[in-house]
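J.: Before anything else, here's the structure in question.
The values are calculated or read from the model by the stated rules, or taken from the named source; none is laboratory data. None of these values were measured; they are calculated from a predicted model. Here the Cβ is made from the backbone with ideal geometry for all residues, glycine too, and neighbour counts use every protein chain on show. Heavy atoms of the whole protein, side chains included, go into the accessibility calculation; ligands, DNA and RNA do not. Shrake-Rupley method; radii C 1.70, N 1.55, O 1.52, S 1.80 Å.
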Amino acid sequence: MGLAVVLFALVNVGCAVKKIAVNKLGNAIASGGTTYASDDDPELVREAVPFSLKLMESLLEESPRHRGLLLAASKGFTEYAYAFVLEDADEIESRDLAEATRLRGRARRLDLRARDYGLRGLEVRHPGFSKALRENPGEAVRRINSAKEVPWLYWTAASWGEAISLSKDNPDLIAEQPMVEALIDRAYKLDPDFEAGAIDSLLITYEPSRQGAKGDPLARSREHFARAVALSHGQLAGPYVSLAETVSVQKQDRAEFQSLLNRALAVNPNDKPEWRLENLVMQRRARWLLARADELFVE
């Protein structure tokens, strides 16, 4: 009996030590830094990120309520899906529709995985949140009152919204749009300046699809564009690309389209090393859009 007790104690100690080690590693990974964000080689990052994402998932198997890891996974899968899967799909569509369709399906699955990690992170701090969000989105998000929760709100909304945009053939997923709106609007209310205008940048593209809002959606997109540029001091290419794609194309304003994309290309990625990778990715998209101008505008 004494030996069994000793063995049981040793097993418990071993499990505790393992959990401490996992959590310490998780903390280190979740804290991130700018290793990827400041890289000047998007292709190198493309090849490296899947390993990091799978490592996060392995650690989450051991520590499923680690909020930092849940946030890092939500953000990581969202960014990877947009920058390296969806972009490929858009660029290859004119040459290989079947492959573009396959890639968009993959991007949607990655986005939904990101959404689920974000929801899990919110659930840790706010038990019952996911269920409440589906029942009454507006009421559910009002339970969240701290700006510290904005990263989870933002990345959950960003991934979910992107998945919906890739799911025109899935009415059940499209019906979840009010949940996305509730999350992003709450994030904006709690911290409108989050990450140098990240929420405004997202809303540039989102406003035209907002349900039941009054006024001109393209005017709202322009307002968010102005804020995003001001908050980033014009050093992020993303807002220019988003407005060109969302508003200039819809208004068939080719001159504005070209001007905005040229302004995106004029951003120097080295001026803000922590935004270097993001700017390189968005400048790649700007070049692709400029090359498609004849397809996008009827003259």
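J.: From the set of residues in the stretch 175-209 that are closer than 19 Å to residue 163 by Cβ and among the small types (Gly, Ala, Ser), which is surrounded by the fewest Cβ atoms within 10 Å (Cβ to Cβ)?
T.: Among those residues, the one meeting the criterion is 175.
J.: Additional query: On the basis of being free of Cβ contacts under 8 Å to residues at least 40 places away in the same chain and buried (at least 18 other Cβ atoms within 10 Å of the Cβ), does residue 141 make the cut?
T.: For residue 141, the condition - free of Cβ contacts under 8 Å to residues at least 40 places away in the same chain and buried (at least 18 other Cβ atoms within 10 Å of the Cβ) - is not met.
J.: Inside the stretch 75-109, can you point out the residues that are of a type in the set (D, E, K, R), closer than 20 Å to residue 54 by Cβ and in contact (Cβ under 8 Å) with a residue 60 or more places away in the chain?
T.: 75
J.: Among the residues that make up the stretch 30-51, is at least one of them within 18 Å of the chain's Cα centre (by Cα), modelled with pLDDT of 90 or more and under 15 Å from residue 118 (Cα atoms)?
T.: No, the stretch 30-51 has no match at all.
J.: Further question on the same structure: I'm trying to understand the selection: among the residues of the stretch 57-71, which are of a type in the set (A, V, I, L, M) and either farther than 16 Å from residue 121 by Cα or open to solvent by less than 20 Å² (accessible area, probe 1.4 Å) (or both)?
T.: The answer is 59, 60, 69, 70.
J.: Next up: Check 163, 147, 157 and return the single one that is surrounded by fewer than 20 Cβ atoms within 10 Å (Cβ to Cβ) and in contact (Cβ under 8 Å) with a residue 12 or more places away in the chain.
T.: Only one candidate passes the filter, namely 147.
J.: A follow-up question, please. Let me spell it out: the conditions are (1) under 29 Å from residue 36 (Cα atoms); (2) over 21 Å from the mean Cα position of the chain (by Cα), and residue 228 meets all of them except one. Which number is the exception?
T.: Condition (2) is where residue 228 drops out.
J.: Could you list, in sequence order, the residues of the stretch 104-132 that are over 19 Å from residue 60 (Cα atoms) and of a type outside the set (Gly, Ala, Ser)?
T.: Within the stretch 104-132, 104, 106, 108, 129, 131 meet the criteria.
J.: Also, quick follow-up: Report the residue count in the stretch 105-148 for those that are of a type in the set (Phe, Trp, Tyr) and either within 30 Å of residue 88 (Cα to Cα) or touching a His at 6+ places or on another chain (Cβ under 9 Å) (or both).
T.: So the count comes out to 1.
J.: Mind counting the residues in the stretch 254-277 that are of a type in the set (Asp, Glu) and at pLDDT 95 or above?
T.: 1
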